[in-house]
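> Submitted below is the structure of interest, expressed as structure tokens.
The values are calculated or read from the model by the stated rules, or taken from the named source; none is laboratory data. Here the structure is a predicted model, which is why all the values come from computation and not from measurement. A quick note on method: Cβ atoms are made from the backbone with ideal geometry, for glycine too, and the neighbour counts reach across all protein chains shown. Surface areas here come from the heavy atoms of the whole protein model, side chains and all, with no ligands, DNA or RNA. Shrake-Rupley method; radii C 1.70, N 1.55, O 1.52, S 1.80 Å.
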Amino acid sequence: ALQKAKEDTDKVKTMCILGFEFGAKKDFTTASYYSKAALQLSEKINYLYGESRANQAIGLIYFMKEMPDSAINHFLVSLKIAERTNSIEDISRTSFWIASIYNSRIGNYAEALPYYYNALKWYETSGDSLQIANCLFQIGADNYWLENYDESFKNWHACLEISKKIKFQRGIIA
């Protein structure tokens with residue numbers, strides 16, 4: 001049915017969702033098929049939101065396949081599009097993913113920090129307390145590894161205060 005569906009934004013959204021879903025199940029072949037098809041159709045119909053989301057899906061596939069350089073490339077494309085369209089959700093989410101890759105896959109905490117700070121700024125704009133706490137936790141951790149202990153403590157303390165308010169266990173335990 002999807003192959004016969006009209007080539008429009010709804011088809012792109014559906015293919016992106018399928019790309020994310022199959023990626024979460026570690027069926028990378030099927031996830032790549034839908035994500036790349038979503039990207040091609042988005043480019044064909046000039047649907048920037050679809051291009052951003054498809055690049056996120058492809059980036060996540062590479063992230064899960066332990067291919068950080070390829071993942072970052074797709075997330076950077078997504079971030080540029082999100083900034084052009086001023087999509088707060090995509091800017092914050094993509095910035096967080098880029099930071100996470102620099103942090104967990106590459107171990108470059110200094111490179112991760114600007115992306116965590118960018119994600120934090122946009123999550124604060126949207127008022128997403130859970131993601132604000134997540135960012136503060138990660139900023140604290142990365143500063144700790146960089147031996148910026150005052151900055152680490154400041155961010156962990158802010159994380160703790162927000163976490164208490166929203167009953168976010170990870171932020172309280174940390």
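> For the chain, what is the calculated [θ] at 222 nm in deg cm²/dmol (nearest 500), taking -39500 (n - 2.57) for each run of four or more DSSP H residues and dividing by its residue count?
-26500 deg cm²/dmol
> Compare TYR123, TYR62, TYR47 in a GNM of the chain, Cα atoms joined below 10 Å, and give the one with the largest fluctuation.
In the Gaussian network model the winner is TYR47.
> Taking the chain as a Gaussian network, Cα atoms linked when under 10 Å apart, which of PHE153, PHE20, PHE63 shows the biggest mean-square fluctuation?
Result: PHE153 has the largest fluctuation of those listed.
> What does the charge add up to near ILE132, with Lys and Arg as +1, Asp and Glu as -1, over the other residues with Cβ less than 11 Å from its Cβ?
-1
> Something else now. So if I take the alpha carbon set of region 43-142, get Rg, then get Rh from the Kirkwood formula, what is the Rg over Rh ratio?
We get a ratio of 0.97 for region 43-142.
> For the chain, with the dipole built from +1 on Lys and Arg beta-carbon atoms and -1 on Asp and Glu ones, taken about the Cα centre, which of THR9, ILE61, SER163 lies farthest toward the positive end?
THR9
> Once the other residues with Cβ under 14 Å from the Cβ of GLU111 are scored (Lys, Arg +1; Asp, Glu -1), what is the net sum?
-1
> Report, in degrees rounded to the nearest 10, the 0 to 90 angle that the Cα long axis of helix 88-100 makes with the longest principal axis of the chain.
The angle comes out at about 70 degrees.
> With a 1.4 Å probe and all protein chains kept in place, how do MET64, MET15 rank by accessible area, largest first?
Descending accessible area places them as MET64, MET15.
> So, one more: For region 41-174, report the accessible area per residue in Å² (1.4 Å probe, heavy atoms, rounded to an integer).
Value for region 41-174: 51 Å² per residue.
> Here's something else I'd like to know. First compute the accessible area of the chain with a 1.4 Å probe, then give the percent of it belonging to carbon and sulfur atoms.
Carbon and sulfur together cover 53 percent of it.
> Rounded to the nearest 20 Debye, what is the dipole magnitude of region 102-174 about its Cα centre when Lys and Arg each give +1 and Asp and Glu each give -1 at the C-beta?
Charge dipole of region 102-174: 340 debye, to the nearest 20.
> Still on this structure, please answer the following. Of [x] 2, 9, 18, 24, 22, 14, 7, 3, 0; [y] 1, 8, 14, 15, 12, 10, 8, 7, 5, 4, 3, 3, 2, 2, 1, 1, 1, 1, 0, 0, 0, 0, 0; [z] 2, 10, 16, 18, 17, 15, 11, 6, 4, 1, 0, 0, which is the value of P(r) over Cα pairs in 5 Å bins from 0, in percent derived from the coordinates here?
This structure yields the entry labelled [z].
> So, one more: Contour minus end-to-end for LEU48 and ASN108, with contour as 0.36 nm per residue of separation and end-to-end as the Cα-Cα distance?
Extending this stretch completely gives an extra 18.6 nm.
> Rounded, prolate or oblate: which one fits region 56-112, using the alpha carbon gyration tensor with axes a ≥ b ≥ c (rounded when a/c is under 1.5, else prolate when a/b beats b/c, else oblate)?
Oblate shape, in that a/c is at least 1.5 and b/c is the bigger or equal ratio.
> Expressed as an acute angle from 0 to 90° and rounded to the nearest 10, what is the orientation of the C-alpha long axis of helix 129-145 relative to the principal long axis of the chain?
Taking the Cα atoms of the chain, the angle to 129-145 is about 60 degrees.
> Among the listed pairs LYS121/LYS154; LYS13/LYS44; LYS25/LYS65; LYS25/LYS121; LYS11/LYS65, which are separated by more than 20 Å between their Cα atoms?
LYS25/LYS121; LYS11/LYS65
> How far is the Cα center of region 49-117 from the Cα center of region 4-32, in Å?
19 Å
> Leaving ligands and nucleic acids out of the surface, order THR85, THR94, THR30 by accessible area at 1.4 Å, largest first.
Putting THR85, THR94, THR30 in descending order of accessible area: THR85, THR30, THR94.
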